[in-house]
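J.: Quick one: the structure is below, questions incoming.
The values are calculated or read from the model by the stated rules, or taken from the named source; none is laboratory data. It should be emphasised that the depicted structure is a prediction, and the values quoted were computed from it without experimental measurement. Cβ placement follows ideal geometry from the backbone for every residue including glycine, while neighbour counts extend to all protein chains displayed.
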Amino acid sequence: MTGKSSGFFWPSFTDLMTSLFFIMLVLYVLTYLKLTNQQRATEQQLNKIKEIQAAVKELPQDYFQYDSEYKRFSLVQNIEFKSGQDIIKPMYEQYLIDVGVSIKDLISNLKSEYAQQDIKYVVIIEGMASNDNYFDNYPLSYKRAWAVMKLWQRENVMPDQSVCEVQVAGSGTGGIGRFPNNEEFKNQRILIQIVPKIGEIKLE
């Protein structure tokens, strides 16, 4: 009896181990496929994010100059203000309106192109000031940027507020990427930053 029981045990144990081996093999294959699909999806999402980041740079070069080092736009035409003032000169108004129209059109195109994605945008208008010994350059640079926003509001060229927020900032005589002292007058300018706020990326 003992011999028969022992002989019966080993084939059963072998069958059990074989079954466990195939179960582990199937689990390994399923895990590998899942991780591979996740990696592929992550790569596709990353490519989509890069595509969106590149798309926000598609502004007309007639108005915008992209600074790849500091990831921002400056206006091709230097907007000059009278010392200590934030009033936009009439000679610059149409140019700044055209700038606003370009941004509005870009945001509209992005909204249509990525309608299925969870993406919002922030447009930052940043005023800068030259170091001309004016005592209040920081608030002044903010007011100059705000003057641009008020001009856009007046002319109804604000970007679509359902997907885009416009913020105003002033860096005064500080900030990065300023012109050197021998070109200090060029620091009196308006900078534009367009930042995509990317939520969940849906893959087709």
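J.: In this structure, is residue 79 in a loop (DSSP other than H, G, I, E, B), surrounded by 18 or more Cβ atoms within 10 Å (Cβ to Cβ) and in contact with a helix residue (DSSP H, G or I) (Cβ under 9 Å, 6 or more places away or on another chain)? Outline the logic, then answer.
T.: On the way: in a loop (DSSP other than H, G, I, E, B): yes; surrounded by 18 or more Cβ atoms within 10 Å (Cβ to Cβ): yes; in contact with a helix residue (DSSP H, G or I) (Cβ under 9 Å, 6 or more places away or on another chain): yes.
Against the criterion (in a loop (DSSP other than H, G, I, E, B), surrounded by 18 or more Cβ atoms within 10 Å (Cβ to Cβ) and in contact with a helix residue (DSSP H, G or I) (Cβ under 9 Å, 6 or more places away or on another chain)), residue 79 qualifies.
J.: Additional query: Among the candidates 133, 156, which residue alone is at pLDDT 90 or above and among the polar types (S, T, N, Q)?
T.: Values: 133 fails: at pLDDT 90 or above.
Testing whether each residue is at pLDDT 90 or above and among the polar types (S, T, N, Q) leaves just 156.
J.: Of the residues that sit in the stretch 127-143 and are surrounded by 21 or more Cβ atoms within 10 Å (Cβ to Cβ), without any contact (Cβ under 8 Å) to a residue 60 or more places away in the chain and touching a helix residue (DSSP H, G or I) at 6+ places or on another chain (Cβ under 7 Å), which one is farthest from residue 96 (Cα to Cα)?
T.: Restricting to residues being surrounded by 21 or more Cβ atoms within 10 Å (Cβ to Cβ), without any contact (Cβ under 8 Å) to a residue 60 or more places away in the chain and touching a helix residue (DSSP H, G or I) at 6+ places or on another chain (Cβ under 7 Å), the top hit is 130.
J.: Within the stretch 59-69, how many residues are in a loop (DSSP other than H, G, I, E, B) and surrounded by 13 or more Cβ atoms within 10 Å (Cβ to Cβ)? Let's see the steps before the verdict.
T.: As a first pass, look at the stretch 59-69 and keep what is in a loop (DSSP other than H, G, I, E, B): 59-63, 68-69.
Checking which are surrounded by 13 or more Cβ atoms within 10 Å (Cβ to Cβ) leaves us with 59-60, 63.
Total satisfying the criteria: 3.
J.: Go through the stretch 82-94 and count every residue that is part of a loop (DSSP other than H, G, I, E, B) and acidic (Asp, Glu).
T.: Kept after step one, since they are part of a loop (DSSP other than H, G, I, E, B), are these residues of the stretch 82-94: 82-89.
Add one more test, that the residue is acidic (Asp, Glu), and what stays is 86.
Selection size over the stretch 82-94: 1.
Yes or no, residue by residue, for (1) surrounded by 14 or more Cβ atoms within 10 Å (Cβ to Cβ); (2) in a helix (DSSP H, G or I):
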residue: 106; (1), (2): yes, yes
residue: 109; (1), (2): no, yes
residue: 124; (1), (2): yes, no
residue: 145; (1), (2): yes, yes
residue: 156; (1), (2): no, no
residue: 160; (1), (2): no, no
residue: 168; (1), (2): yes, no
